[in-house]
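Participant: Okay, here's the structure, questions in a sec.
Every number here is computed from the coordinates shown, using simple stated rules; none is lab data. Please read all numbers here as calculations on a predicted model, not as lab measurements. Using ideal geometry, Cβ is built from the backbone for each residue, glycine included, and neighbour counts are taken over all protein chains shown.
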């Protein structure tokens, strides 16, 4: 590039000024569009309900999904700019669901300790009759989350990794361990489960 072909400093400054001026056509081409929370909510709430239902059961699914959206709403200006806002909010939902199940199991254990009469040894979360998801909820936290995201939301391994903020290999390991454990608990082979 010869000296005469180089842009003059004044031209570069004018271009920068043009792109930073709100409402200018140049500014519109440089700013990414941020999705409104309302659009995000309408699109993602049904998926969060599926995830919460898979991890925590029907009783708490709606509350967990709504609480996840409420958390997202409070931080929307930051979350909307992430590479995967949906993945981030799914992660919030997965964490809230697992926390709910653990809290519920802990409460039941405390009640059992305080009760004077014997308590049945049946799984307290199996009341909904869905044995598979009941067993998923009994898995370690990360295995349950990976299983629910992979099977209930039909996410790919890459999407599950993005949602949970971990490596693809980590997702594969947790998924493999979950399958093996579920096969044992349900009395099937891994291919059948």
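Participant: Among 176, 106, which comes first, second and so on when ranked by fewest other beta-carbon atoms within 10 Å?
Facilitator: By the 10 Å Cβ count, ascending: 106, 176.
Participant: Going by how many other beta carbons lie within 10 Å of each one, how would you line up 170, 184, fewest first?
Facilitator: 184, 170
Participant: Exposure proxy check: 34, 157 ranked by fewest other beta carbons within 10 Å?
Facilitator: 34, 157
Participant: Next up: With the crude spin-label approximation of a point 7 Å out along Cα→Cβ, what separation in nm comes out for residue 35 versus residue 106?
Facilitator: In this crude label model, residue 35 to residue 106 measures out at 3.3 nm.
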